[in-house]
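Chemist: Structure incoming, see below.
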Amino acid sequence: MLKEVIIKDKRNMTINIDVYNLKELNLRGATVVDGFSNTGMISTIVANYIINNLKLEEVGFLDSDNFPAVSLVYDSMPKYPAGIFADEEKKIVVFLSEFTPEQHLMRPIANTMLAWAAESKCRRIITTGSLVSPEGQTQTHKEHRMFGVGSVDTARKNLKKLDVTQLKAGYITGVPAILINNGMRANFNVICLLAEVWANNGIPDATAAAKVIEVIAQLHPKVEIDVEPLYEEAEKIEDWVNEQQQSPSLMFG
């Protein structure tokens, strides 16, 4: 089954995104997780971890002439760089991309995801982002705080119930921003989880991703996800970063 989303950007350039469903599932009431790559790679870590931990099946993919000309090979099988993974029983869906969308693709991608979720009668979309802490690295990795933004009252009530601090002022960018704004306009439940991160010179923050996954599991109790391995990996990354920072610099000249 093929669904095509056609959008014109401000340069009047038409952007087509085709959605190919490889398998028909009943996903009414499912939670959709946005795994399109963004700053800090939190969304990518979250999406990949959920897919691998829950052993989700690829049930579809997205394609566009505007996507990178890439074929990913896993276990000798080619794959498109933007896939849809799901489990009908657990009622969870993950959109995963292996590339960071350029600015002109962000709105079409977000609108495609919203249209697909609404058509599949999914319950909500969860998207993720990060907030850089002004306190730098004075806190330990266990003290990451979580913030959230909801597109509609139901989303905000969900966050309040879980004691997730709701962002009072600030801004969100990229695909999460479009999902939140258009979710509000369409009265569709979209939650953006924002994990506190430190300035880490582009190193992926696995601890922040683990915190996000814990909240997702609370929002969607049909799934049980063990994040302890992710915390262990985060500690290894943190130890490596500390070693690099303490090592004397080598200068040549």
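Chemist: Collect residues whose amide H, placed 1.01 Å from N in the peptide plane, falls under 5 Å from the amide H of F99; neighbours closer than 5 in sequence don't count.
Modeler: For F99, the qualifying residues are S37.
Chemist: Mind ranking 20-31, 120-131, 174-185 by how tightly packed they are, going by the mean number of other C-beta atoms within 10 angstrom, highest first?
Modeler: Details: 20-31: 15.2, 120-131: 22.8, 174-185: 20.8.
Answer by packing, highest mean first, reads 120-131, 174-185, 20-31.
Chemist: Quickly rank 146-159, 60-73 as a protection proxy: mean count of other C-beta atoms within 10 Å, highest first. Spell out each step's value before the answer.
Modeler: Working: 146-159: 19.1, 60-73: 14.6.
Top of the packing list down: 146-159, 60-73.
Chemist: Distance cut-off 22 Å, Cα to Cα: go down the list K23/K211; K23/K91; K91/K121; K55/K161; K55/K211 and report the pairs above it.
Modeler: K23/K211; K55/K161
Chemist: If a/c stays under 1.5 just call it rounded; otherwise compare a/b with b/c (prolate if a/b is bigger, oblate if not). Do that for segment 149-229, with a ≥ b ≥ c from the square roots of the Cα gyration tensor eigenvalues.
Modeler: Since a/c reaches 1.5 but b/c is at least a/b, the shape of segment 149-229 is classed as oblate.
Chemist: Name the GluC sites (Glu not before Pro) in segment 56-162 that are in a loop by DSSP and that have at most 13 other C-beta atoms within 10 Å, would you?
Modeler: In loop regions of segment 56-162 (DSSP not H, G, I, E or B), the sparsely surrounded GluC sites (Glu not before Pro) are E89, E102, E135.
Any read-out appearing in this document is the output of simple, stated calculations on the displayed coordinates, not a laboratory observation. As the structure is a computational prediction, the values presented were derived from the model and not from experiment. Positions of Cβ are backbone-derived with ideal geometry, glycine not excepted, and every protein chain shown enters the neighbour counts.
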